[in-house]
Amino acid sequence: MDQIIVTGNGELSGEIPIAGAKNACLTLMPATLLSDEPLTLTNAPRLSDIKTMTELLSSLGAEVTSLQDGQVLAMSSHDINNHVADYDIVRKMRASNLVLGPMLARLGHAVVSLPGGCAIGARPMDLHIHGLEAMGAEIELKDGYLHAKAPGGLKGATIEFSFASVGATENVLMAATLAKGTTVLKNAAREPEIVDLATCLRSMGAQIEGDGTSTITIQGVDRLHGATHPVVTDRIELGTYMLAPAIAGGEVECLGGKLSLVQSFVDKLEQAGVEVTETERGLKVARRNGRIKAVDVTTEPFPGFPTDLQAQMMALLCTADGTSVLEEKIFENRFMHAPELTRMGASIDVQGGTATVHGVDQLKGAPVMATDLRASVSLILAGLAAEGETMVSRVYHLDRGYEHVVRKLEGVGAKIERIKGS
Ligand code: EPZ
């Protein structure tokens, strides 16, 4: 297995281009199942998760052609001929469950494997099922698969989510575009990836209002047509690279970054003493001198502080002046990076969903293990300012959500390399 070796190398400077969003692309790709006309995505990220979604859609009979070095995905599900999303693919990536709503709406039936356990939490699908059943679907769990059917087609309904789930909102939103009548989603998720999905669906002829707010209204239509849609910027990749100069010092411009995508995160960075300025091309981040100040962080659904930046923020706060309290409110088991950071000399107490980080003067390089996608990149960020070498193993986690990490960080002066495993 490959490893990434990072050596603390002082301040960073330069620019980092930010790619299209993994979590937008993973819901935009299944939208192709809603129409028999082509859907083309531009600004697509080049990640292993996108390859897995391509594999899944191809297994259903859709065509997915990757163009322009993978940044354009030309898709067509004109000839879908299979309605079973197989466990062997779904177990590799939970977002595979986002084919359920579109297939049910288009074909009237779907069989989708339940994803099974995940490192960061139980992650059930009860809210997805609740929403689709409210639209008249009959869903049964058999042999680890959800068997869903809507013989008479889906019908509009008013659905209130007990939690603003991103995935449940996306699945039900896609299904509602072809349902008979009006669907109203209450306490819906407000993430930018949902707005991007709704924007794409509107360009396919869907009638959707209120995306980005907690109440989304969808007027069902008989069919959707083809479209071309640019994937929104990846706000989590953006936040991750904004933390690199915050941790190592220096100044870096993140090209394509937008404040509206990361406002609550930027509020915390500024509280910690980091400068963030909007430029014509993106967001510039600078930490000149002086130590980072301790700040408290609580993860929440958008527009609150994103859980997908919690691990990276913890890496910053390990060397803050003072004690920071991080509360993880979205996932029940998302502090597995803490013991690895502790191996690098950090001082962190984890009690349930709360991590108390006592700032230390300096971290020290050590061999550490990636446990999930965001944990893996937090270890690389910590290594940027640690004394000596940090060797991060199991970096396949990283490939799921970050393209060209070594090239991007090297480009701003980091000392980093990838060692191919045997
Ligand atoms: C999306 O996951 C993202 N993944 C996650 O990013 C992200 O952490 C999460 O939203 C929250 O922002 C993709 O978009 C592919 P949820 P999703 O449904 O849709 C509970 C990354 O690092 N819940 O909003 O699975 C669930 O257990 C990944 O890129 C139910 O209880 O998130 C969790 O505790 C990790 N029942 C909470 O809600 C349900 O039916 C949030 O889940 C659905 C969810």
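Each value in this text was obtained by applying a stated rule to the coordinates, not by laboratory testing. Everything quoted here is computed from the prediction, not taken from an experiment. Ideal geometry is used to build each Cβ from the backbone, glycine not excepted, and the neighbour counts take in all protein chains shown.
Would you compute, from DSSP H runs of 4+ residues alone, the mean residue ellipticity of the chain at 222 nm, taking -39500 (n - 2.57) per run and dividing by the full residue count, rounded to the nearest 500? Theoretical 222 nm ellipticity from helices: -8500 deg cm²/dmol.
Give the lysines reachable from Lys408 as a straight Cα distance under 25 Å; neighbours fewer than 8 places away on the same chain don't count. Within the straight-line cut-off, Lys408 pairs with Lys22, Lys51, Lys258, Lys268, Lys284, Lys364, Lys420.
With a simple spin-label model that places each label point 7 Å from the Cα along the Cα-to-Cβ direction, the separation between Glu160 and Glu278 comes to 3.6 nm.
Highest GNM mean-square fluctuation among Lys51, Lys293, Lys142, for the chain modelled with Cα contacts below 10 Å: Lys142. Working from Cα pairs under 8 Å separated by at least six residues, relative contact order for the chain is 21 percent.
What angle do you read, to the nearest 10 degrees and between 0 and 90, between the alpha-carbon axis of helix 192-203 and the longest principal axis of the chain? The answer is roughly 30 degrees.
Restricting attention to the range 325-421, which GluC sites (Glu not before Pro) occupy a DSSP loop and are surrounded by at most 16 other Cβ atoms within 10 Å? Write out the running numbers ahead of the final one.
Details: sites: Glu327, Glu328, Glu332, Glu340, Glu387, Glu389, Glu403, Glu410, Glu417; in loops: Glu328, Glu332, Glu403.
Sites meeting the loop and neighbour criteria: Glu332.
Helix 259-271 and the long axis of the chain differ in direction by around 30°, with both axes built from C-alpha atoms. The C-alpha atoms of the chain define a longest principal axis, and helix 373-384 lies at about 20 degrees to it. Dipole orientation for the chain: of the candidates Asn289, Val90, Thr182, Val90 has the Cα lying most toward the positive pole (charges on Cβ; Lys, Arg +1; Asp, Glu -1).
Taken along the Cα-to-beta-carbon direction at a fixed 7 Å, the label points for Glu389 and His109 span 5.8 nm. Restricting the range 244-321 to GluC sites (Glu not before Pro) that sit in a DSSP loop and have at most 14 other Cβ atoms within 10 Å of their own Cβ leaves Glu280.
With the cut-off at 1.5 for a/c, could you classify the chain from its C-alpha gyration tensor as rounded, prolate or oblate? Since a/c reaches 1.5 and a/b is larger than b/c, the shape of the chain is classed as prolate.
Magnitude of the charge dipole for the chain, about its Cα centre and with charges confined to Cβ atoms of Lys, Arg (+1) and Asp, Glu (-1), is about 180 debye.
If a spin label sat at a point 7 angstrom from the Cα of Asn9 along the line to its beta carbon, the backbone N atoms of the range 399-420 nearer than 20 Å would be those of 399, 402-420. Please list, in order, the residues from the range 54-79 whose amide nitrogen is less than 20 Å from a point placed 7 Å along the Cα→Cβ vector of His404. What the label zone holds, given the 20 Å backbone N cut-off, is 66-74. Placing dummy labels 7 Å off each Cα toward the beta-carbon, the span from Asp267 to Arg46 is 3.7 nm. Couplings 3J(HN,Hα) for the range 48-54, derived from phi with the Karplus relation 6.51 cos²θ - 1.76 cosθ + 1.60 (θ = phi - 60°), are 5, 5, 5, 5, 5, 5, 4 Hz, where x marks Gly and Pro.
If you rank Ile380, Ile89 by fewest surrounding Cβ atoms within 10 Å, what's the result? Numbers along the way, then the final one.
Working: Ile380 27, Ile89 19.
With the sparsest Cβ surroundings first, the list reads Ile89, Ile380.
Taking a point 7 Å from the Cα of Val350 along the Cα-to-Cβ direction, the residues of the range 317-332 with backbone N closer than 17 Å to it are 317-318, 324-332. Full extension of the chain between Val221 and Lys186 yields a length gain of 10.6 nm, computed as 0.36 nm times the residue separation minus the alpha carbon distance. Near the amide H of Glu387, within less than 5 Å, lie the amide hydrogens of Leu363, Lys364, Gly365, all on another chain or at least 5 residues away, with H placed in the peptide plane.
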